[in-house]
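One structure below.
The values are calculated or read from the model by the stated rules, or taken from the named source; none is laboratory data. Predicted, not measured: the structure shown is a model, and the values here were computed from it. When we count neighbours, we look across all protein chains shown, and the Cβ atoms used for this are built from the backbone with ideal geometry, even at glycine.
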Amino acid sequence: MKIHVQYSTEAETPRAVDEVVNGLLEKLDGAHPELTFLFVSHHHEDHFSTLAGQIRSRLNSKHLVGSTAEGIVAGDRELEERPGLVAYVIADSGAVIQPFHMEFQRDDEQILCFGGPENIGSEGDNGAVFLFCEPYSSSAPVALPELSESQGHLPIFGGVASGGIGPGENCLFLDGEKIDHGAIGVVYRCKQKLRQIVSQGCRPIGYTFVITKSEKNIIYELGGLPAMQQFREMFKELTEDDQELVRQGPHLGVVTNEYKEIFERGDFLVSNVLGSDPESGAIAVSQAVRPGRTVQFHVRDAITADEDLRLMIEQDKSYHSNKVIGSLLFTCNGRGEKLFGAANHDVKAIQDAYGPIPTAGFFAQGEIGPLADRSYLHGFTASIVLFEEADATADNAEDDSDTQTEN
């Protein structure tokens with residue numbers, strides 16, 4: 001299995017394409033990619049309609065998938081608010097790849113989706129689904145359960161295209177085509193194991209509650225009492241530092257696995273708290289919640305987000321010993337320099353832990369990644385895919401030199 005990445009910061013698109021393609025052809029040394037990921041900043045928008053076809057053709061890549069973005073991840077850099085074009089290629093993996101294009105239609109109050117891939121795999125397959133969404137004509141919360149069900153609960157990674165300020169300004173790439181609506185992606189089934197890290201950048205505060213009355217995204221009661229009353233009582237018991245973080249904006253985590261006895265970071269799907277109603281004591285959050293679910297309030301800041309990502313990485317390294325040879329990073333457009341005050345935070349954490357591995361991705365306005373056994377659309381999250389080196393004992397024909405990890 002060979003993984004390579006090449007990027008360009010050239011503002012002139014033809015020169016950027018030449019730099020990326022020529023660099024990859026040299027690294028591939030005659031191999032043809034099975035799959036290319038392409039992420040492009042809006043500085044190249046005049047060429048969006050031809051980029052995918054040109055790069056796919058010149059690389060002789062069997063499949064290509066990608067998105068436009070306000071910033072890209074490229075090698076060991078996060079390129080924000082500047083020209084960027086990155087291509088990430090996978091060759092000689094033996095993977096089975098299915099491209100798909102999902103379209104969405106509103107029917108009364110329901111959103112329906114069409115065009116999802118059929119399941120041609122088998123139970124226990126390694127791999128993932130990679131999904132990229134146009135923000136104004138798709139619904140990731142609708143697509144994700146359908147994809148999970150149809151693909152045997154493979155983990156789903158990706159994000160929502162960013163950088164445009166209205167319909168038609170973001171686009172997706174599928175094989176040689178520019179797609180301006182819906183959601184696109186590939187099902188990627190392979191021999192090699194793919195590992196996952198999803199860092200929501202939050203930590204729980206106070207204690208857990210059980211929702212006793214709710215409707216859609218409105219929580220009326222926690223533990224039999226008005227939600228705001230419970231929140232205020234919990235707030236009084238926090239440290240001054242945590243109280244200050246709550247004032248900047250609290251979040252609510254919903255437990256993803258109710259069968260656990262102790263809940264820790266990573267056990268919650270974190271949502272924004274949108275507001276409260278002083279009269280009823282209700283709290284509104286950014287996702288639908290049901291009575292009976294366990295929840296806990298969370299806080300987020302740069303220190304917490306850094307700590308959470310590094311903790312998730314250390315947990316991954318403690319659970320797995322196989323070498324990582326590449327990664328994809330789908331990070332929130334609210335992270336980066338906006339949150340951390342310095343460039344390259346998330347990608348540097350990956351490279352510090354796993355070495356100078358090929359890495360690519362983009363700053364999304366909604367990140368897709370798994371928690372427990374389901375995949376979700378997140379916010380303010382770093383969703384990371386780690387490609388493991390093939391197990392030599394499982395494939396004696398594979399030579400160590402087949403895996404290339406240079407940037």
If you check Glu103, Glu109, Glu81, which single one turns out to be touching a His at 6+ places or on another chain (Cβ under 8 Å), of a type in the set (Asp, Glu) and surrounded by fewer than 17 Cβ atoms within 10 Å (Cβ to Cβ)? Glu103
On the given criteria, is Asn60 surrounded by fewer than 24 Cβ atoms within 10 Å (Cβ to Cβ) and closer than 12 Å to Asp175 by Cα? yes
The strands (runs of 3 or more DSSP E) lying wholly within the range 199-266 that contain at least 3 residues that are of a type in the set (A, V, I, L, M) are 218-222, 251-255
Got a sec? Which of Ile219, Ile184, Ile179, Ile165 is buried (at least 24 other Cβ atoms within 10 Å of the Cβ), closer than 26 Å to Arg106 by Cβ and of a type in the set (A, V, I, L, M)? Ile184
Subset tally (residues that are touching a residue at least 40 places away in the same chain (Cβ under 8 Å) and over 23 Å from Asn119 (Cα atoms)) for the range 159-168: 5
Restricted to the range 126-141 and to residues being of a type outside the set (S, T, N, Q) and surrounded by fewer than 17 Cβ atoms within 10 Å (Cβ to Cβ), the residue farthest from the chain's Cα centre (by Cα) is Tyr136
Somewhere in the range 87-101, is a residue of a type in the set (Ser, Thr, Tyr), assigned to a strand (DSSP E or B) and more than 25 Å from Lys216 (Cβ to Cβ)? yes
Can you give me the number of residues within the range 281-313 that are hydroxyl-bearing (Ser, Thr, Tyr) and either free of Cβ contacts under 8 Å to residues at least 12 places away in the same chain or under 16 Å from Lys216 (Cα atoms) (or both)? 2
Which condition does Ser321 not pass, out of (1) at pLDDT below 95; (2) in contact with a Ser or Thr (Cβ under 8 Å, 6 or more places away or on another chain); (3) surrounded by fewer than 19 Cβ atoms within 10 Å (Cβ to Cβ), if it passes all the others? (2)
Only one of these is touching a Cys at 6+ places or on another chain (Cβ under 8 Å) and within 27 Å of His153 (Cα to Cα): Gly366, Gly292, Gly326. Name it. Gly366
Going by what's in this entry, would Ser318 be described as of a type in the set (Ser, Thr, Tyr) and either touching a residue at least 40 places away in the same chain (Cβ under 8 Å) or in contact with a Lys or Arg (Cβ under 6 Å, 6 or more places away or on another chain) (or both)? no
Residue under question is Leu269, and the condition is that it be under 29 Å from Val142 (Cβ atoms), aliphatic (A, V, I, L, M) and either free of Cβ contacts under 8 Å to residues at least 60 places away in the same chain or outside the structural domain of Leu245 (by TED's automatic domain parsing) (or both); does it hold? no
Identify, please: which residue in the range 76-86 is of a type outside the set (Lys, Arg) and not in a loop (DSSP other than H, G, I, E, B) and is, among those, nearest to the chain's Cα centre (by Cα)? Glu78
The strands (runs of 3 or more DSSP E) lying entirely within the range 109-188 that contain at least 2 residues which are among the aliphatic types (A, V, I, L, M) and not assigned by TED's automatic domain parsing to the domain that holds His47 are none
Within the range 343-375, track down each residue that is of a type in the set (Gly, Ala, Ser), touching a helix residue (DSSP H, G or I) at 6+ places or on another chain (Cβ under 9 Å) and part of a loop (DSSP other than H, G, I, E, B). Ala343, Gly366
